[in-house]
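Notes to accompany the following structure.
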Amino acid sequence: MKRISIYLILFIFVLAACTPEIEEFSPTQGEADLSNFVAVGNSLTAGFTNGELYLEGQKHAFPKLMAEQMALAGGGDFNQPLMVDGTGFGNRLMLGIKEACDGEAGLAPVPYDQEFNPENMISIAGQGPFNNFGVPGAKIFHLLTPLYSNPQGGNPYFARFASNPGNVSVMDEVMATNFSFFSLWIGSNDVLGYAVSGGENTGDSITSGNLFQTSLFGILTQLTSNGAKGVISTVPEITNIPFFNTVPYNALVIEDEATRDALNLSYEQLGITFELGPNPFIIEDQNAPGGVRQIKENEYVLLTVPQDSIKCAQWGSAKPIPHYFVLDEEEAAKVEAAVDNYNGIILSVAQEMNLALADVNEILSKSVTEGLTYDGIDFSAEFITGGLFSVDGIHLSKRGNAIIANHFIMAINAQYNAQIPRVTVSEYQGIPFP
Amino acid sequence: MKKTFALLLLFIVANSLTYGGGYQVLLQGNKQTAMGLVGTGITLGSESIFYNPGALPFLRDKYSFSLGASGIMSNVVFQKEAPSVYEAETDNPFGTPFYIYGAGKISDKLSIGIGAYTPFGSSTDWGESWAGRFLIQDISLFAVYIQPTVAYQINDQLGIGIGFIYAMGDVTLNKALPLTGSDGSEAGVNMEGSTANYGFNAGITYRPTDQLEFGLTYRSEILMEMEGGDANFTVPQSLAASFPAENEFDAELPLPATINFGASYKASEQLTLALDINFTQWSTYDSLIFDFKTNTPSLQDSRNPRLYDDNLVFRVGGRYKANDQWIVAAGAYYDMPAVKDNYYNPETPDAHKLGLSAGFTYSPSENFDVDASILYIMGFERDATYEPGKFGGTYKYNAVVPGLGINYHF
């Protein structure tokens, strides 16, 4: 009898030996209807990364990642105007080894190693209706004009998937779908075009606050006209991105006295002096005496400045860095003021229209001031090593897209009492190193 | 004896999951395991070399030998912090802590003994590609203690004993690094090291009456100071200079001090009841610091906070002598976590745990017994995060541990 009871106890224990169980998380859509989600915006929404829009980037676009999570909470398919391969329109960059003019080789963005495929230019309008209406390069008012789909003078990325090129606006196309939920992240290009071309006198201007407000109101009125709910994002303070923060203002390093003395002599009349060690670059400035001056600490040398010209052709020292590679104090202030203004408008409109608000600006600012950590990975706004931004220094990496997707998801969950699961940031690939 | 031990060491990949909080393992005697791992205040055989050296003079026989091992089958499941549908599960190797003891009485008062046992160990394998791989992929650590012991009986009621501990430890771990190669492969580091150090185990046994026994023991902290462990980095080629391939590291891992109190009561000729309280000074484990021999701007020494709490375990058990051949036993314990909620690194799954155990001793002859035990450990669901890595969720743990031992005494 005792023996039997021992066996019984053993048996119970063995039965209990199976894996422990935790109650599964059950996603819900709350008050939102996620069945047909459309994403409206610019390159960030399209999945543009590494300097180009291409297949793999599109598959990791933050709205695509959101849609995959929404599908667990009642969401449907998310049809994108996909490129046919990894080359897009041929401007893709990757991280490679580049030999500089002085013979030194180092890690740098280099052109992608596969040849451009013209099939990427062929219209795929027939594959619609689409869910991703992110158009690389779009400013806010572009979304409302039919000219934007024109193959000549319009936007080739949009012309490629517009149903009636030359006659439909992005918003016309959006409104032609039967969407139930939307995301809108727009406004970066309204300052970026100006900033990445070095500010004034370069052919691109900042969108005025009035135009921004009118356009935003027009877009949101349409998006909410059929009763759809949605999420809207703030515009990132673009002077935080690596494109403006990778080349230090004082990267003119003078190593020997002869060079220093020669520079001191040639700039003597302008009252500019040089020291051994790091010095501020010499930049072009039409308002400065002699048309040149030293760059200030709060001014930005663009990522696109030719490094070889600095290293071997005396740019920034004997010759000034051209103004279109520099965002000066005044220009940067204009950019920052415009972004602040846009964000003020976005915040008040979101509140007024009861939309979910993803404050992407806040999270990107945090990446600069204190850094971000997810799944044991540290992120910052540093170029390449920071992990958030792709090799172009402007657009998000795969993990950057995952982080932004989670911020949109959490904003939707908070506003609409939903439980859309977040993506797992560590499941996405980091920036590939050679 | 020496040969047997060397053989055992060869065969053992001691990779046990955690008992007694942190990475402590208290499976040092199958009779004790069957009773909820009590042993400080109850004298059952030469296992007292570990449980309470002060009890050796109270052993009935002149010579006592014990040998045994346990098999640990453990599982941890994980669900990422809500809202998330991410789940993961460990594939932990089968752990085999062991013990071997021999004790003898030199005179009426003086006893000596020697034991080898594995009081600390942990083996957790989350796999190469799970979401927490930048914290840990897999880790295996274990310590073997060898303890020569001397004990003295002061009078009929009181015995004291002390053992010198020679501790050997070994740790191997793999973790991923957030760097990706152009073929999509991920960087990682494999770290491996072993070391040895000294400590002691002291105990007092007090028997005020024939029915009652009390025990109190102290095992000292042993700091495993690893020097020149191997750190092998696998990184994309362009970063090889930043992560020297055959680097070395120094690190310290504490095996904390424990204070144990136990008592037992012989309720009748057949029935003995016992309890144990174990206090482990886990707060000594403040952080895990890897000091790399070659540092680069990308590879700095790393300081990983652990901030463990002191830990208490309460145990009760009983054994019932059915006849001259059979003794049955059962017990239970409640174990509190040493790992804090916000410093929970999945390398050491820790939780509030309930242990239930049972077993028997079969004595075919007067000098020989066989012990069998089974222990089921149920971890309570735990929401925890490793704050420095911002990685957390719900963890749940369980384990089944069968064990077998033999004793020879004359």
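Structure notes:
- The share of alpha-carbon pairs in segment B:120-224 lying farther apart than 24 Å comes to 51%.
- Cα gyration tensor shape for segment A:252-327, rounded if a/c is under 1.5, else prolate or oblate: oblate
- Distance-filtered residues of segment B:367-404 - backbone nitrogen under 12 Å, label point 7 angstrom along B:LEU354 Cα→Cβ: B:377-381
- Residues whose amide H lies under 5 Å from that of B:GLN137, counting only those 5 or more places away or on a different chain, are B:ASN174, B:LYS175, B:ALA176; hydrogens are built 1.01 Å from N in the peptide plane.
- Solvent exposure ordering (accessible area, 1.4 Å, most first) of A:TRP185, B:TRP326: B:TRP326, A:TRP185
- Per chain A, cysteines lacking a partner by the 4.7 Å Cβ criterion: A:CYS18
- Label point distance in nm, B:LYS293-B:PHE94, each placed 7 Å from Cα along Cα→Cβ: 3.7
- Accessible surface buried upon B-A contact (total; probe 1.4 Å; Å², nearest 100): 3400
- Solvent exposure of chain A as accessible area per residue, Å², 1.4 Å probe: 43
- FRET efficiency estimate (nearest 0.05) - Cβ-Cβ, B:LEU110 to B:ASN342, R0 51 angstrom: 0.50
- Cα centroid of segment B:185-255 to Cα centroid of segment B:282-344, whole Å: 13
- Where A:ARG260, B:ARG319 fall by accessible area, highest first, once all protein chains stay in place (1.4 Å): A:ARG260, B:ARG319
- Within the listed set A:THR45, A:THR385, A:THR87, the residue fluctuating most in the Gaussian network model of chain A (springs between alpha-carbon atoms under 10 angstrom) is A:THR385.
- For segment A:313-378, the gyration tensor built on C-alpha atoms gives an oblate shape. Its axis ratio a/c (a ≥ b ≥ c) is at least 1.5, and a/b is not larger than b/c.
- Segment A:204-243: C-alpha gyration tensor shape, a/c 1.5 cut-off, then a/b vs b/c: oblate
- For segment B:149-166, the Karplus equation 6.51 cos²θ - 1.76 cosθ + 1.60, evaluated at θ = phi - 60°, returns couplings of 9, 10, 9, 9, 9, 6, 8, 4, 9, 10, x, 10, x, 9, x, 8, 10, 9 Hz by residue, with Gly and Pro reported as x.
- Note, ³J(HN,Hα) from phi for segment A:399-415, Karplus 6.51, -1.76, 1.60, rounded to Hz, x at Gly and Pro: 5, x, 4, 5, 5, 5, 4, 5, 5, 4, 4, 5, 5, 5, 4, 5, 6
- Straight-line cross-link partners of B:LYS62 among the aspartates and glutamates, defined as a Cα under 12 Å from its Cα and at least 8 positions apart when in the same chain: B:ASP108.
- Estimated FRET transfer efficiency (A:GLU382, A:LYS98; beta-carbon r; R0 25 Å; 0.05): 0.85
- Among A:PHE389, A:PHE116, A:PHE408, residue whose mean-square fluctuation peaks in a GNM of chain A (springs only between Cα atoms under 10 Å): A:PHE116
- Overall, the accessible surface of segment B:2-409 at a probe of 1.4 angstrom is composed of carbon and sulfur to the extent of 56 percent.
- For A:CYS18, A:CYS101, the ranking by accessible surface with the largest value first comes to A:CYS18, A:CYS101, using a 1.4 Å probe.
- Label-point separation in nm, A:ALA71 to A:LEU211, each point 7 Å along Cα→Cβ: 3.9
- FRET efficiency estimate (nearest 0.05) - Cβ-Cβ, B:ASP230 to A:THR202, R0 56 angstrom: 0.50
- Fully extended contour minus Cα-Cα distance, from B:PHE261 to B:TYR198, at 0.36 nm per residue: 20.4 nm
- 3J(HN,Hα) along segment B:316-324, derived from phi through the Karplus expression 6.51 cos²θ - 1.76 cosθ + 1.60 where θ = phi - 60°, amounts to 9, x, x, 9, 10, 8, 6, 7, 5 Hz, with x in place of Gly and Pro.
- Most mobile listed residue (B:ASP286, B:ASP91, B:ASP183) in chain B, GNM with C-alpha springs under 10 Å: B:ASP183
- Between A:ASP340 and A:ARG3, the simple spin-label model (points 7 angstrom out along Cα→Cβ) gives 8.8 nm.
- Straight-distance candidates among the lysines for linking to A:LYS64, with alpha-carbon spacing under 23 Å and chain neighbours fewer than 8 residues away dropped: A:LYS139, A:LYS229, A:LYS398, B:LYS80.
- Dividing the mean sequence gap of close Cα pairs (under 8 Å, 6+ apart) by how many residues segment A:235-321 holds gives a relative contact order of 35 percent.
- Local electrostatic count at B:ALA257 - Lys and Arg +1, Asp and Glu -1, tallied over other residues with Cβ under 11 Å: -1
- Taking amide hydrogens as placed 1.01 Å from N in the peptide plane, the amide H of B:LEU255 sits under 5 Å from those of B:ILE222, B:LEU223, B:MET224, each at least 5 positions away in sequence or on another chain.
- Where only DSSP H runs of four or more residues are counted, the protein assembly as shown gives -5500 deg cm²/dmol as its mean residue ellipticity at 222 nm, each run worth -39500 (n - 2.57).
- Relative contact order of segment B:2-409: 18 percent, from C-alpha pairs under 8 Å at least 6 residues apart in sequence.
- Once backbone amide H atoms are built at 1.01 Å from N, A:ASN50 has A:SER390, A:VAL391, A:ASP392, A:HIS395 as its partners under 5 Å, excluding neighbours fewer than 5 places away on the same chain.
The values are calculated or read from the model by the stated rules, or taken from the named source; none is laboratory data. Predicted model, so just to flag it, every value in this text is computed and none were measured. Virtual Cβ from ideal backbone geometry, glycine too; neighbours counted across all protein chains shown. These accessible areas exclude ligands, DNA and RNA; they are computed on the full protein's heavy atoms, side chains included. Shrake-Rupley method; radii C 1.70, N 1.55, O 1.52, S 1.80 Å.
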